[in-house]
Amino acid sequence: MTKNDSNLYAALRAAFPDDLSATAVETDTGLFYTWCDLERGSAMLANFLRSLDLPEGSRIAAQVDKSVEALLLYLATLRAGYVFLPLNTAYQSAEVAYFIGDAEPAVVVCTGKNFPWVSKLAFQAGTQWVFTLNDDRTGSLLERAACAMDQPTCVPKQPEDVAVIIYTSGTTGRSKGAMLTHGNMLSNALVLKDHWGWRSPAQGGDVLIHALPIFHVHGLFVACHGALINGSKMIWLARFDPKLVLHRLPDASVFMGVPTLYVRLLAEPGLGRAACRNMRLFISGSAPLLTDTFNAWQQRTGHTILERYGMSETIMLTSNPYLGLRRGGTVGQPLPGVQLRVVDGQGNSVPTGEIGDIQVKGPNVFAGYWRMPEKTAQEFTADGFFKTGDVGKQEADGYVTIVGRSKDLIISGGYNVYPAELESFINDLPGVAESAVVGVPDPDFGEVGVALVVPRPGVVLDGAAVLAQLKASVANYKVPKQCYVLQELPRNAMGKVQKNLLRQQYSR
Ligand code: MLC
Ligand code: AMP
């Protein structure tokens with residue numbers, strides 16, 4: 001193995017089909033990108049980034065709408081040897097300011113529409129370059145890169161070199177940037193290639209419908225790496241639209257989604273065996289898939305959804321089998337190379353089938369939180385296992401079931417929402433004494449937030465006004481769907497807010 005083999009892009013590129021003129025990506029706007037386009041386009045962007053003479057390890061932050069060019073920017077960053085920092089397009093200015101301030105990217109790429117405020121805060125934070133990239137192939141990034149060479153740059157990397165930082169919010173305090181290495185991502189992509197039975201181009205190939213956002217692990221790594229490392233074509237949808245997915249299903253063989261996507265597809269009368277006739281595999285993850293959804297899908301389509309479990313810090317951890325029993329309500333068995341154990345509060349393994357905290361170890365587990373050595377140390381055990389914060393059990397045959405979370409986290413439509421972040425914002429609003437945000441079941445998003453707010457003495461608060469203020473400040477998916485004003489919050493003998501009671505009372 002040459003040194004260069006550890007750059008993730010080199011491995012992805014090696015899997016491109018021999019015929020580079022074949023279609024690699026087809027978009028919902030009728031554009032066709034060949035494998036040669038991916039190779040040349042990412043080379044030009046990589047050479048352009050290198051021409052900026054950035055220090056090694058520079059971060060390239062991107063808050064851009066989904067487009068093939070945004071994917072090329074990610075691939076170019078890998079090739080150029082820098083560190084990619086994808087940002088959710090729903091983040092508003094305070095959120096973006098935090099990430100840019102913390103990660104100190106040398107380059108920020110944003111939409112033309114957001115350039116005025118993003119560039120202001122980026123330059124204030126010391127960023128040298130701010131470029132624009134729009135979803136219609138316009139913007140200063142592509143204009144500048146058009147003059148770059150297309151020589152096949154791919155900077156040599158070691159497996160332990162950081163390739164991406166993914167920010168995850170936290171139950172307390174600041175958001176943490178999980179550093180994923182070239183080695184983490186390549187090992188996981190290779191395991192999934194085998195585990196999910198991807199068909200090589202020589203075997204007729206697979207076609208993936210890509211309908212997820214590309215700023216998280218699911219859409220960017222599991223889906224894009226999956227297709228690229230198998231030389232498989234992607235049908236690229238800018239956003240999830242159940243009718244469009246249904247329309248394209250006959251042209252595809254693999255689909256990946258968070259449970260909400262399956263719930264919304266089931267609401268389409270046209271979903272049935274005929275629409276899925278060419279499909280090989282439906283994969284679900286990022287949030288619990290209800291057994292009802294699993295069963296309804298099986299009945300309507302004849303396909304058994306394969307559920308898997310992962311997280312930003314670890315990419316994919318467990319999966320139901322491709323061949324063998326896909327057990328609804330479970331997330332399957334640890335992937336090859338992943339060690340998983342379930343422990344009690346003292347860190348001792350619990351007996352088989354009993355509930356405890358899930359800890360994991362493997363080549364896919366991240367290198368630590370960006371500039372947070374103490375936090376990183378806290379999240380690992382002395383023998384190197386990462387504490388996932390998920391609570392579950394493992395049966396004798398290895399199947400894992402997630403039953404809850406020790407972290408105070410709501411997963412809504414596959415997005416993580418941290419109550420602590422919202423409570424701290426609400427508590428700072430005038431007239432608010434205290435607040436609690438809890439997750440309640442929701443048929444569409446799986447779980448949604450509800451806010452309970454206690455006013456200061458003598459103040460009259462309006463729940464709708466609290467939500468409006470939140471909406472003006474944080475990403476829209478974080479905004480609780482309802483807000484109730486209470487005279488006090490229920491507390492236990494230790495003075496801790498009893499969120500379980502609130503959850504029961506406000507379940508819809
Ligand atoms: C949108 N809204 C949400 C929401 N998405 N609210 C709660 N939870 C969400 N996920 C808001 C909108 O802002 C809008 O508010 C209202 O809810 C209705 O929006 P919508 O039109 O129904 O939403 P839509 O744009 O269709 O988006 C829904 C979605 C999207 C499910 C398609 O959320 C999505 O793509 N989710 C996937 C997330 C994902 O990829 N997660 C992977 C993380 S990686 P208003 O007020 O504006 O009307 C990971 C690791 C792993 O977890 O294991 O994979
Ligand atoms: P994120 O930090 O956004 O990567 O979210 C990771 C979290 O999503 C995990 O810690 C789990 O709590 C949750 N998750 C991912 N996949 C599943 C799944 N299949 N079932 C239940 N929870 C899941």
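Quick notes
- Candidate residues T330, T29: accessible-area rank, largest first, probe 1.4 Å: T29, T330
- Per-q log10 I(q)/I(0), the range 410-506, q = 0.17, 0.19 Å⁻¹ (Debye; single scatterer per alpha-carbon; no solvent): -0.70, -0.88
- Semi-axis lengths (Å, descending) of the ellipsoid that matches the C-alpha gyration tensor of the range 306-405: 23, 16, 10
- Lysines with Cα under 20 Å of K233, excluding same-chain neighbours fewer than 8 positions away: K66, K193
- Computed Kirkwood radius, in angstrom, where 1/r is averaged over Cα pairs of the chain: 23.8
- Furthest towards positive pole of dipole, V342, M372, A382, structure part the range 306-405, Cβ charges: M372
- Estimated Rh, the range 45-99: Kirkwood, alpha-carbon pairs, angstrom: 11.9
- P(r), alpha carbons of the range 303-356 - 10 Å bins starting at zero, rounded %: 23, 43, 30, 4, 0
- Taken as Cα centroids, the range 439-476 and the range 336-350 sit 36 Å apart, rounded to the nearest whole angstrom.
- Scoring 140-148, 285-293 by mean Cβ neighbours within 10 Å over their residues and listing the highest first yields 285-293, 140-148.
- Contour excess over end-to-end distance, with Cα ends at D383 and N427 and 0.36 nm allotted per residue: 11.9 nm
- Convex hull of Cα atoms in the range 248-307, direction-averaged projection (nm²): 3.5
- Student exercise, the chain dipole from Lys, Arg, Asp, Glu Cβ charges, in Debye to nearest 20: 480
- Our Cα-only numbers for the range 64-185 put the radius of gyration and Dmax at 14.7, 46 Å.
- Of the peptides 188-199, 382-393, 348-359, the order by per-residue mean of other Cβ atoms within 10 Å, starting with the highest, comes out as 188-199, 382-393, 348-359.
- Measuring nothing but how far apart in sequence close Cα pairs (under 8 Å, 6+ apart) lie, relative to its length, the chain scores a relative contact order of 12 percent.
- Helical content alone sets the calculated 222 nm signal of the chain at -8000 deg cm²/dmol, taking -39,500 (n - 2.57) per DSSP H segment of four or more residues and averaging over every residue.
- Dipole moment magnitude, nearest 20 debye, the range 410-506 about Cα centre, only Lys, Arg, Asp, Glu C-beta charged: 140
- With the charge dipole of the chain set up from +1 on Lys and Arg Cβ and -1 on Asp and Glu Cβ about the Cα centre, the Cα lying farthest toward the positive end among the listed residues W198, L87, L489 is that of L489.
- For T318, nonlocal amide neighbours, meaning residues 5 or more places apart or on other chains whose placed amide H falls under 5 Å from its own, are Y309, L335.
- Tensor-based shape of the range 365-458 (alpha-carbon gyration tensor, a/c under 1.5 rounded, otherwise prolate or oblate): oblate
- Sequence-distant lysines (8 or more away, or on other chains) whose Cα lies within less than 19 Å of K157: K3
- DSSP bridge analysis restricted to the chain gives an antiparallel fraction near 60%, rounded to the nearest 5.
The values are calculated or read from the model by the stated rules, or taken from the named source; none is laboratory data. Fair warning: this is a prediction, and the values are worked out from it, not measured in the lab. Methodologically, a virtual Cβ is constructed for each residue, glycine included, from the backbone with ideal geometry; neighbour enumeration extends over all protein chains shown. Only protein heavy atoms, including side chains, enter the accessible area calculation; ligands, DNA and RNA are left aside. Shrake-Rupley method; radii C 1.70, N 1.55, O 1.52, S 1.80 Å.
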